[in-house]
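Enquirer: The structure is given below, and queries will be raised subsequently.
Values in this text are rule-based calculations from the coordinates and carry no lab data. Everything quoted here is computed from the prediction, not taken from an experiment. Here the Cβ positions follow ideal geometry from the backbone for every residue, glycine too, while neighbour counts run over all protein chains shown.
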Amino acid sequence: MSANTPLIEARRLVKKYGDKVAVNGIDLTVSAGEVFGLLGPNGAGKTTTILMLLGLTEPTSGTARVGGLDPTRDPLAIKRRVGYMPDAVGFYEDMTARENLRYTAALNEVPEDEVEDRIQNFLEEVGLADAADNPVGTFSRGMRQRLGVADALVKDPKVVILDEPTASIDPQGVAEMLELIRNLAHRDGRAVLLSSHLLHQVQEICDRIAIFVSGKVVAEGTPAELGARLARGQARFEIVADTSSDRLREALGADATVEGADGRWQVTIPSEQSKSLFRRLVDADIPVRGLVDLNADLDEIYRRYFQREEVKA
């Protein structure tokens, strides 16, 4: 399947609960081989969007296609073809990891002659082969999350949807989970939809991002594209340097704006000058200890989009 093949499509998707609009006219396209992030705070509409894509709740209006299927008309077929890991993963505590996966395989009608090999492969993939025959009740939160990914993969889906997959995992477990998710898309060619409120993790792993605010997608693209739309011809940097604002302005020229204090400066310059920024600082003998491109920093991008929507409201 081509890397550009759309496997998730939503057009003007709306979900209302009485007078409350949970999702307000969103458009999404996720392709094979891509990790697509839904980024936003709790209550922004991310999980409701996922539930509509899975056929677990019907949209008030709009359309969706997942793996070529309409979730509203074919919810059972969607469940068999889409791997889903919710934010709260549940398993039978007294059953082993392997037994839980066998149960999922049976529910999804995985051919019997493929079940054991498939389960073993995915247990190895998520790093649980050595714990495969231990009761899940003895598992840590991180182990349960990894088993949740294996559970989503047992049906060998082309589409994988993960809702807050790194919640409550230790830093080492987070790194392993992110690498696993990256491989699902980039190595295996699956379309991965990832919902999270953790900005740095989303920036590290996602090829494209949709920023959710109050049920709407207010921006969509790569972090660089999102930053460029906000920039409007201006490049913004944070510079950490033991120097004065006057000395920075002298080094960067009359077009530069410098704000800040105590060695931490926010600098705005014309975009065409961004490539020469560091050289000009070095030539001026300014001791730079840190340099961050705020146009590509997801924390800054998200803050500015969120503030812009609050102003509109």
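Enquirer: Once the cut-off is 15 Å, how many percent of the Cα-Cα pairs in segment 221-262 end up in the long-distance tail?
Expert: That tail contains 51 percent of the Cα-Cα pairs.
Enquirer: By average Cβ neighbour count within 10 Å, what is the ranking of 235-242, 213-220 from highest down?
Expert: Going by the mean number of other Cβ atoms within 10 Å, highest first, we get 213-220, 235-242.
Enquirer: Just tell me which lysines come within less than 28 Å, Cα to Cα, of Lys20; anything on the same chain fewer than 8 places away is out.
Expert: Lys46, Lys79, Lys216, Lys312
Enquirer: Right, here's the next one. Let me know the Kirkwood hydrodynamic radius for the chain, please, with Cα pairs as the basis and the value in Å to one decimal.
Expert: It works out to 21.5 Å.
Enquirer: In whole Hz, what ³J(HN,Hα) sequence does segment 244-251 give by Karplus (6.51, -1.76, 1.60; θ = phi - 60°), x for Gly and Pro?
Expert: For segment 244-251, the Karplus curve yields 9, 5, 5, 5, 5, 4, 5, 6 Hz.
Enquirer: Need one word for segment 151-232: rounded, prolate or oblate. Basis is the Cα gyration tensor (sqrt eigenvalues a ≥ b ≥ c); a/c below 1.5 gives rounded, then a/b vs b/c decides.
Expert: prolate
Enquirer: Still on this model: Using Cα pairs under 8 angstrom and six or more residues apart, how large is the relative contact order of segment 232-312, in percent?
Expert: 38 percent
Enquirer: Residue by residue through segment 31-36, which ³J(HN,Hα) values in whole Hz follow from phi under the Karplus form 6.51 cos²θ - 1.76 cosθ + 1.60 (θ = phi - 60°), with glycine and proline marked x?
Expert: 9, 4, x, 10, 9, 10
Enquirer: Give me the one-decimal Kirkwood hydrodynamic radius in Å for segment 1-154, with the sum taken over alpha-carbon pairs.
Expert: Radius from the Kirkwood sum: 17.0 Å.
Enquirer: With axes computed from alpha carbons, what is the tilt in degrees of helix 97-107 against the longest principal axis of the chain, rounded to the nearest 10 within 0 to 90?
Expert: 70 degrees
Enquirer: Right, here's the next one. Taking only Cα atoms, what is the 0 to 90° angle, nearest 10, from helix 298-312's long axis to the longest principal axis of the chain?
Expert: 90 degrees
Enquirer: Moving on. Please turn the phi angles of segment 54-61 into ³J(HN,Hα) values with the Karplus equation 6.51 cos²θ - 1.76 cosθ + 1.60 (θ = phi - 60°), one per residue in order, whole Hz, x for glycine and proline.
Expert: Going residue by residue, I get 8, x, 8, 8, 8, x, 5, 7 Hz, with x marking Gly and Pro.
Enquirer: If you put +1 on each Lys and Arg Cβ and -1 on each Asp and Glu Cβ, how big is the dipole of segment 93-251 around its Cα centre, in Debye rounded to 20?
Expert: My answer is approximately 1020 debye.
Enquirer: On each of the three principal axes of the Cα atoms of segment 232-312, give max minus min coordinate, whole Å, ordered largest first.
Expert: 42, 27, 19
Enquirer: Same structure again: Could you list His186, His200 in order of exposure, starting from the residue whose Cβ has the fewest other Cβ atoms within 10 Å?
Expert: By the 10 Å Cβ count, ascending, the order reads His200, His186.
Enquirer: Pop out the Kirkwood hydrodynamic radius of segment 175-285 from its pairwise C-alpha distances, inverse of mean 1/r, in Å to one decimal.
Expert: 16.8 Å is the Kirkwood radius here.
Enquirer: Which cross-chain or sequence-distant (5 or more) residues have an amide H under 5 Å from the amide H of Ala167, H modelled 1.01 Å from N in plane?
Expert: none
Enquirer: For the modelled label position 7 Å from the Cα of Leu76 along Cα-to-Cβ, which residues of segment 145-164 have backbone nitrogen atoms closer than 19 Å?
Expert: Hits in segment 145-164 for Leu76 at 19 Å: 155.
Enquirer: Compute from the Cα atoms of segment 178-222 the Rg and the Dmax, the latter being the longest Cα-Cα distance, and quote both in angstrom.
Expert: Rg then Dmax for segment 178-222, in Å: 11.3, 34.
Enquirer: What is the ratio of the Cα radius of gyration of segment 1-60 to 2.2 N^0.38 Å, with N the residue count, to two decimals?
Expert: Normalised Cα radius of gyration, segment 1-60: 1.20.
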